[in-house]
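What follows is a short report on a single structure.
The values are calculated or read from the model by the stated rules, or taken from the named source; none is laboratory data. For clarity, every value in this text was computed on a predicted model and none was experimentally measured. We place every Cβ from the backbone using ideal geometry, glycine too, and count neighbours over all the protein chains shown. Calculation scope for accessible area: heavy atoms of the full protein, side chains included, ligands and nucleic acids excluded. Shrake-Rupley method; radii C 1.70, N 1.55, O 1.52, S 1.80 Å.
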Amino acid sequence: MTQNPKPPPALDRSERTGSTGLVLLLTIALVAVPFVLRGLPAPQATHAIVGLLTVLAVVGLLALFSYAVGFLQFAGQAAKNDVTKLVADTDGEGLLVTEGEQRIVYANPAYLALSGVRQGADPAPVVRLFSGAADVSEAVYRLAQAAREGKRASEEIRLSPPLGAAAGVESAAWYRLRVRRLDPAGGRAATLWSVADVTRERARHENAFQELQAAVDYLDHAPAGFFSAEPDGSIGYMNATLAGWLDYDLAQFGAGGLKVTDVVAGSGDALLSAVAGGPGAVRTEQFDIDLKRADGKSFPARLLHRVAFSADGQPGPSRTLVLSRAAGEEKGEDLRAAEVRYARFFNATPMAIASVRADGGVERANAAFARMLPGALKEGPAAGALFAAIAPADRPALEKALADAVAARADVPPVEGAFADDPAKSARFYFSPADKEADKAAAATLFALDTSEERKLRDNFAQSQKMQAVGQLAGGVAHDFNNVLTAIIGYSDLLLANHRPTDPAHQDIMQIKQNANRAASLVRQLLAFSRRQTLRPQVLRPDDVLSDVQPLLRKLAGDKVAIDVKHGRDLWTVKADVNQLEQVLVNLVVNARDAMPEGGRIALRSLNAPAGELAQYGEKPLLDAPADYVLIEVADDGHGIPPDVMEKIFEPFFTTKEVGKGTGLGLSMVYGIVKQTGGFIFCDSAPGRGATFRVFLPRHVEAATAAPAPAEAAPKPAANLTGSGTILLVEDEDAVRAFGARALKARGYKVIEAASGAEALEAMDKEGSTVDLIVSDVVMPEMDGPTMYGELRKRGAAPKVIFVSGYADDAFAKNLPADAEFGFLPKPFTLKQLIEAVKATVG
């Protein structure tokens, strides 16, 4: 498991050191005094010595006194405020102190980490660190100008790509930059910069805004009118229901575009403004008045008008619920009927709403809340019922949010918590103070939104990104290592050709080659995980593969483990590499065997999984890519897999086995093979009830016309491997190129060497007519192999070509012309495989 690198220590140049020059000058003066005194007469010298000693004694006493009272301190030992420095060093925001425009006095570890400097290197100042887009540069310039003027300033900027991001990464991050001037007593003026990554905060704000928009949409379509008005009578908000009753087009009126007098007929506005209350009071009054439509006609309504008063007794914004009393539209409906209708809306809303007491008991709740947290309602309004329904780790934050709402604090931040009975589910909770006059028992109103799906998608996305990144890394390492192994195996073959089996060095060379082949096997596993290994797919029936590999699986399982095999009827065919599919089965069975050290049973099952029946497996990736699949299932009754391990089982080098008993590449190899074949693999397990791995391989349907397959480059061995002709060998790895050239020349071929695609084009321009075959690596600097081949085709040349690569041929075939015919030789290869491929192609 990788760990975040330890941040570099803080850079601190604020300490003032002593002057070496002054110390040297004082030393020279003290050394020179004896020589000066030697030139004086004895009486005068005696008086001079006494006087000098007196002066030195007085200076020493003054120095001791100054040190005692704190006026004098030794350089490098000035007392520092350790607590203040510790706060700065451990602050999560990046802190930078500069003198003047460029001289850096102090930078805490957080800033050094943001700037990406190595330990001991100087970080870039903020002005250079945040440069690029015009809006970013302008923001930093405004901050720098404010610092020069001695002002405090703050800016939030969007930077793409983020600090520390790799080149080519298409992402962005938000940063908050603050600056202020420092004027220490007796010191030079300095500037304090702070840098904080606020990307997640911005995302949370965006999510909260979207959720607020959804809540506003619910309110807009409520079966009752609603409007909010400021103390001056301007209407800040009116829901769509009320606007429809009054025939107003809200698009023509912004916030404050309408007044209360515009929508209230007669002197009704006086009644609303006459509501009075004391400091901190909240008053709710009911009025039966006429409203005024846009066409001037009256609209009878009942208003429930609520006004909150500030601490000084001034009225704040009002909230007014409007119930229609219009004849014909709501004929025969009284207030009780309207309340019933509103209760139906309250229970039909998808947002969970509940009235909560200060002790966590739930007084009332709507249907959505009952569905979300039924456990909170089982015991009735019991104390702490709400908290008991939430996972213990999230309860403190929920309790604090409720306490803030009970204390009538504004803007209580939302809290996200998992459910106690199902940690996979979660919700985001919003609290607001309750109306104590309308509901004396409730202390707060709770609104909750289910975030289970959002959380699952977020976790799945993070996991897929991690697996993709690890796969790219593994594939890159494997590719480079293949070049090294090709050279080792090739030169081993050259040495073996010159050493007889009776030679003492023969066995040593064989050991080198055998261990190189073992390393090549590990490389193939890495390439399998990164989905770049060389596959030879063919149309096959999975039940036939299961039958063929069954004897091997029984031997691997041992005597303590029984294997049951069941085949579905009329299985569809799939297109896969038979050897790799067998490897998948072997790895899954070995893992199942290891999960049952005391013995048990392994069940292997194969069946068709039509697109219409995929929902029963409950896997979202299958539903997102509906198709016909063939399912291969491997189930055991072992100890099961814990949830914390389940998230990592397909990661390379992750293993729960003892040291030396597992490489951690088995399941990662299975994952890569299945993905490269176009399928899916899922695991269903829990501690104590075994594990079931399901492999879904896409059904193969024969096309009307089959596309021509690439020319095979590994024919049967020929008796005579010598030949003639001109071979253009294109390889950027010097060792591989040298081995290949030497091997081909020894078999009678003329070899022209090129270290890149560009050099190969130059060689073809000079000797293209004599070249019989091009043997080219695929991945090279400047110009890769497929690009070189395409350029030759443009120039009218159509030479025979064999591509050499550690990746699968289909990884680069898409970059070649559709009618291109080519041979393929996977790395690492032996001397014999190289010669056979060339011999088969040249003839």
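One table, with the values for the structure above:
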read-out: Close pairs from segment 452-466: first assigned to a helix (DSSP H, G or I) and small (Gly, Ala, Ser), partner open to solvent by 80 Å² or more (accessible area, probe 1.4 Å) and modelled with pLDDT of 70 or more, Cβ under 9 Å, at least 6 apart; value: 452/425
read-out: Residues satisfying the stated conditions in segment 737-750, i.e. among the hydrophobic types (A, V, I, L, M, F, W, C), open to solvent by 20 Å² or more (accessible area, probe 1.4 Å) and more than 48 Å from the chain's Cα centre (by Cα); value: 746
read-out: So residue 552, is it farther than 27 Å from residue 688 by Cβ and touching a residue at least 24 places away in the same chain (Cβ under 8 Å); value: yes
read-out: Tally, over segment 596-618, of residues that are touching a Lys or Arg at 6+ places or on another chain (Cβ under 6 Å), surrounded by 15 or more Cβ atoms within 10 Å (Cβ to Cβ) and either outside any strand (DSSP E or B) or of a type in the set (Phe, Trp, Tyr) (or both); value: 0
read-out: Looking only at segment 633-651, and only at residues there that are within 23 Å of the chain's Cα centre (by Cα) and of a type outside the set (Phe, Trp, Tyr), the one that is surrounded by the most Cβ atoms within 10 Å (Cβ to Cβ); value: 649
read-out: Candidate set from segment 394-417 (those that are closer than 20 Å to residue 211 by Cβ and hydrophobic (A, V, I, L, M, F, W, C)); member that is surrounded by the fewest Cβ atoms within 10 Å (Cβ to Cβ); value: 410
read-out: Qualifying residues in segment 102-131 (those that are at pLDDT 80 or above, open to solvent by 60 Å² or more (accessible area, probe 1.4 Å) and not aliphatic (A, V, I, L, M)) - the one nearest to residue 156 (Cα to Cα); value: 128
read-out: Those residues of segment 184-218 which are assigned to a loop (DSSP other than H, G, I, E, B), open to solvent by 70 Å² or more (accessible area, probe 1.4 Å) and touching a residue at least 12 places away in the same chain (Cβ under 8 Å), in sequence order; value: 188
read-out: Options 391, 420; residue that is at pLDDT 85 or above and either among the polar types (S, T, N, Q) or more than 19 Å from residue 208 (Cα to Cα) (or both); value: 391
read-out: From 741, 713, 704, residue being touching a Leu at 6+ places or on another chain (Cβ under 6 Å) and modelled with pLDDT under 80; value: 713
read-out: Residue match in segment 654-670 (condition: outside any loop (DSSP other than H, G, I, E, B), modelled with pLDDT under 80 and among the small types (Gly, Ala, Ser)); value: yes
read-out: Some residue of segment 67-83 being open to solvent by 60 Å² or more (accessible area, probe 1.4 Å) and at pLDDT 80 or above; value: no
read-out: Extreme residue, surrounded by the most Cβ atoms within 10 Å (Cβ to Cβ), among residues of segment 219-242 that are among the small types (Gly, Ala, Ser) and in contact (Cβ under 8 Å) with a residue 24 or more places away in the chain; value: 229
read-out: Flag if residue 630 is over 21 Å from residue 686 (Cβ atoms), modelled with pLDDT of 85 or more and open to solvent by less than 50 Å² (accessible area, probe 1.4 Å); value: yes
read-out: Some residue of segment 530-539 being crowded, with 17+ Cβ neighbours inside 10 Å and modelled with pLDDT of 70 or more; value: yes
read-out: Boolean, residue 759 is modelled with pLDDT of 85 or more and open to solvent by 70 Å² or more (accessible area, probe 1.4 Å); value: yes
read-out: Any hit, segment 836-843, residues being at positive phi and at pLDDT below 85; value: yes
read-out: Filtered residues of segment 574-595 (kept if closer than 13 Å to residue 538 by Cα, open to solvent by 50 Å² or more (accessible area, probe 1.4 Å) and in contact with a strand residue (DSSP E or B) (Cβ under 8 Å, 6 or more places away or on another chain)); value: 575
read-out: Inter-residue pairs, beta-carbon under 9 Å, first within 13 Å of residue 191 (Cβ to Cβ) and in segment 128-147, second open to solvent by less than 50 Å² (accessible area, probe 1.4 Å) and aromatic (Phe, Trp, Tyr), 6+ apart; value: 140/130; 143/193; 147/193
read-out: Residue in segment 225-246 that is within 30 Å of residue 455 (Cα to Cα) and modelled with pLDDT of 80 or more present; value: no
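Residue-by-condition table, conditions (1) open to solvent by 30 Å² or more (accessible area, probe 1.4 Å); (2) modelled with pLDDT under 80:
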residue	(1), (2)
471	no, yes
478	no, yes
499	yes, yes
504	yes, yes
510	yes, no
